[in-house]
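Student: This structure is in structure tokens; I'll ask about it shortly.
Bear in mind these aren't lab numbers, they're just calculated from the coordinates by the rules spelled out. What you see is a predicted model, and the numbers here were worked out from it, not measured in a lab. All Cβ positions, glycine included, derive from the backbone under ideal geometry; neighbour counts span all protein chains shown.
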Amino acid sequence: MRAWILLIVVAVTCSWVSGAAEAEEDAEHESTGLYTAPDSCKRRCHERFNKRDPCHCNTKCEKYQNCCEDYHTYCSQGGKQEDNEAVHAHSSEGFSHARDAITDEDLLRISEKLYKADHNRAQEADVTINPQHFASAGQTDDQVDRSSEPLYTYVNERLFSKPTYASFIKLLDNYHRQTGTGEKMTAQQQAEQDTFLQEAMNTALMKELYGFLHQKGRYGSEEEFVADLKEMWFGLYSRGKGEGDSSGFEHIFSGEVKKGKVSGFHNWIRFYLLEKEGQVDYYSHNYDGPWTSYPDVLGLQFNWDGFYKEVGSAFIGCSPEFEFGLYTLCFIARPGKVCRLSLGGHKLGIQTYTWTKSTYGNGRKYIATAYVTSS
């Protein structure tokens with residue numbers, strides 16, 4: 001059995017078909033309407049804001065980034081329907097000019113820039129993993145532990161003294177993992193969120209991301225960007241019966257338990273720390289990505305203190321800001337869709353979903369989940 005040098009592990013489903021399973025497991029079943037496609041602006045131009053609407057068609061929807069996808073097909077600034085062909089020629093993702101649209105080519109370019117800007121990623125000698133058993137399609141759901149050793153053979157914990165790592169780790173124990181249990185954020189925990197955001201924004205990676213989104217007209221200032229990050233990632237909503245029992249950050253990075261199964265939990269640092277404490281038992285993997293340096297992608301099965309994850313996803317070996325930045329990019333550029341990126345010349349996709357049962361600000365939406373899927 002040979003040890004494998006850790007690469008950014010991104011857990012992916014067998015045959016890359018985890019999207020549907022994750023959507024049901026990580027949030028709500030599609031039949032609840034949580035992840036339904038945005039409504040249309042047809043015959044709704046300039047209607048008054050209604051917080052119950054999943055998307056909007058008033059003159060402020062561009063400012064608050066909550067326009068329906070066909071806003072510019074039906075609604076012009078003058079209030080008259082424009083020629084469809086002309087509108088489609090200069091609009092994308094709700095922005096009216098070609099320079100504002102985030103194209104597929106833009107995503108490929110900016111993701112490569114973010115990949116290169118991840119100066120805090122682990123180096124080859126910093127992390128060693130031992131993937132052991134490769135699970136077949138029929139083995140991922142049988143909950144059999146086929147790996148006798150931990151996934152992580154070695155992690156250089158000096159990584160965790162870096163500002164973004166240290167501030168990120170402080171956030172991981174601020175939550176109750178069981179959905180339905182309301183979260184009560186203390187003043188100290190709120191301050192920890194602010195510290196992480198501040199440290200992240202001090203990195204070249206997040207400055208690169210902000211510059212890109214600013215150029216595309218998504219944010220007018222860094223202060224506006226940071227304020228929105230705090231709401232979209234840390235704002236609380238109700239995934240279960242509890243009031244304010246979940247957030248995008250808790251679900252994706254810390255992990256939750258819902259209906260007797262692990263939900264979310266896509267972070268390598270969290271996995272390593274809990275495995276070290278004996279709370280996570282690694283079972284197998286069903287995908288190992290093509291990267292030969294950080295980051296890489298891995299699909300894995302594990303038990304978290306009595307609850308099973310059939311197929312999980314996590315970037316391993318990357319910095320906290322790398323995951324945080326990529327998921328933010330995809331949530332803003334392709335909410336509710338597969339966002340196709342390129343890292344070190346290799347393609348991959350990230351699926352995001354919006355939380356539409358509640359909003360913040362003037363109808364902006366929280367992150368429900370984000371995870372790696374097929375390229």
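Student: Can you list which of the trypsin sites (Lys or Arg not before Pro) found in segment 215-244 are DSSP loop residues with at most 14 other C-beta atoms within 10 Å?
Tutor: The qualifying sites are Lys241.
Student: Evaluate the charge dipole of segment 104-373 about its Cα centre and quote only its size in Debye, nearest 20, assuming +1 on the Cβ of each Lys and Arg and -1 on the Cβ of each Asp and Glu.
Tutor: 700
Student: Continuing with the same structure: Under 5 Å between amide hydrogens, which residues at least 5 positions from Gln178 or on another chain qualify, with H placed 1.01 Å from N in the peptide plane?
Tutor: Val257
Student: Straight-line reach from Lys113: which lysines have a Cα under 22 Å away, not including same-chain ones fewer than 8 places off?
Tutor: Lys162, Lys207, Lys216, Lys337, Lys347
Student: Separate question: Based on the Cα coordinates of segment 272-316, what is the per residue volume of their convex hull in Å³?
Tutor: Once divided by residue count, the hull of segment 272-316 is 68 Å³.
Student: Also, I was wondering about something else. What are the extents of the Cα atoms of segment 115-217 along their three principal axes, listed from largest to smallest and rounded to whole Å?
Tutor: Projected onto its principal axes, the Cα set of segment 115-217 covers 46, 39, 32 Å.
Student: Then there is this: Quick one: what are the phi-derived ³J(HN,Hα) couplings along segment 169-180, Karplus 6.51/-1.76/1.60 with θ = phi - 60°, whole Hz, x for glycine and proline?
Tutor: Those phi angles translate into 4, 4, 7, 5, 9, 8, 10, 8, 6, 7, 5, x Hz.
Student: Mind listing which trypsin sites (Lys or Arg not before Pro) in segment 259-306 are in a DSSP loop and have 12 or fewer other Cβ atoms within 10 Å?
Tutor: Lys259
Student: Starting from the Cα-Cα distance between Gln215 and Lys276, subtract it from 0.36 nm times their residue separation and give me the gain in nm to one decimal.
Tutor: 17.7 nm
Student: Continuing with this model, one more query. Binned at 10 Å from 0, what are the whole-percent values of the Cα-Cα distance distribution for segment 309-363, short to long?
Tutor: Result, from short to long distances: 19, 47, 27, 7 percent.
Student: I'd like the distance separating the alpha-carbon centroids of segment 272-320 and segment 211-271, in whole Å.
Tutor: Segment 272-320 and segment 211-271 have Cα centres spaced 20 Å from each other.
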